[in-house]
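The values are calculated or read from the model by the stated rules, or taken from the named source; none is laboratory data. Quick caveat, the model's predicted, so the values are computed rather than measured. Note that each Cβ is placed from the backbone with ideal geometry, even for glycine, and that neighbours are counted across all protein chains shown. Ligands, DNA and RNA are stripped out before the accessible areas are found, and what is left, the full protein with its side chains, is counted by its heavy atoms. Shrake-Rupley method; radii C 1.70, N 1.55, O 1.52, S 1.80 Å.
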Amino acid sequence: GALVYQYPRRTICKSGTSMRMECQAVGFQATSVAWYRQSPQKTFELIALSTVNSAIKYEQNFTQEKFPISHPNLSFSSMTVLNAYLEDRGLYLCGARPQGAGQLYFGEGSKLTVL
Amino acid sequence: GDQVEQSPSALSLHEGTGSALRCNFTTTMRAVQWFRKNSRGSLINLFYLASGTKENGRLKSAFDSKERYSTLHIRDAQLEDSGTYFCAASYDSGYNKLTFGKGTVLLVSP
């Protein structure tokens with residue numbers, strides 16, 4: 001099956017610092033990558049969608065200035081949480097959709113703790 | 001309100017028994033996925049449906065776009081089935097934008 005590898009699994013950072021996380025599609029090419037955050041309250045929020053040959057689309061309440069995303073090829077994406085504060089805590093999940101497939105496959109997530 | 005309403009929020013089963021989880025949608029969805037979050041925190045893909053039903057071992061899922069619901073049936077529950085189950089549905093044509101339910105915490109006991 002399709003595998004998605006995320007790194008790092010967890011990070012603890014001080015308020016105002018930044019955290020970069022990576023997402024690697026293993027064994028397939030992802031036509032689109034979606035970044036989600038699962039808050040401490042357990043709800044999932046879509047941050048942004050990155051689709052081949054299209055601009056990255058950010059959801060309301062999320063901006064490129066705060067969550068810059070790089071999607072240089074069909075197998076790799078990275079996202080940075082800039083100037084992280086308490087409200088940015090949560091589990092950041094990367095979902096990748098293989099070419100011709102309907103479903104998203106998720107990595108194990110990168111857990112962000114902000115002190 | 002929430003577009004995806006998942007129930008129950010928690011479920012306890014004895015080994016060998018079964019039950020069903022359900023997600024109701026407040027709008028027409030094009031496809032649904034079911035996941036199980038394991039002890040490591042990974043979202044394990046269980047099903048993807050654009051219509052109809054699918055079965056995999058002791059799990060069976062159904063999706064009715066017109067009636068706006070999806071179900072996940074578990075039969076002959078085993079201890080390793082314990083975990084949090086999520087449904088997630090998409091209404092966009094690209095199937096990328098998933099809206100998640102709030103999850104069902106399943107505990108299977110001996």
Complete set of residues in the stretch B:4-42 that are buried (at least 17 other Cβ atoms within 10 Å of the Cβ) and touching a residue at least 60 places away in the same chain (Cβ under 8 Å): B:Val4, B:Gln6, B:Leu11, B:Leu13, B:Leu21, B:Cys23, B:Phe25, B:Met29, B:Ala31, B:Gln33, B:Lys37
Within the stretch B:67-110, strands (runs of 3 or more DSSP E) holding 1 or more residues that are modelled with pLDDT under 95 and within 30 Å of A:Ile56 (Cα to Cα): B:83-90, B:98-100
Count of residues meeting criterion [hydrophobic (A, V, I, L, M, F, W, C) and either open to solvent by less than 10 Å² (accessible area, probe 1.4 Å) or without any contact (Cβ under 8 Å) to a residue 24 or more places away in the chain (or both)] in the stretch A:81-97: 5
Qualifying residue in the stretch B:43-56 (condition: part of a loop (DSSP other than H, G, I, E, B) and more than 15 Å from the chain's Cα centre (by Cα)): no
Given (1) within 14 Å of chain A (Cβ to nearest Cβ); (2) over 11 Å from the mean Cα position of the chain (by Cα); (3) open to solvent by less than 70 Å² (accessible area, probe 1.4 Å), number of the condition B:Thr104 does not satisfy: (2)
Evaluation of B:Thr27 against (1) touching a strand residue (DSSP E or B) at 6+ places or on another chain (Cβ under 7 Å); (2) more than 12 Å from chain A (Cβ to nearest Cβ) (one fails), failing number: (1)
Positions within the stretch B:30-64 being farther than 23 Å from A:Gly95 by Cα and within 14 Å of chain A (Cβ to nearest Cβ), in sequence order: B:Gly52
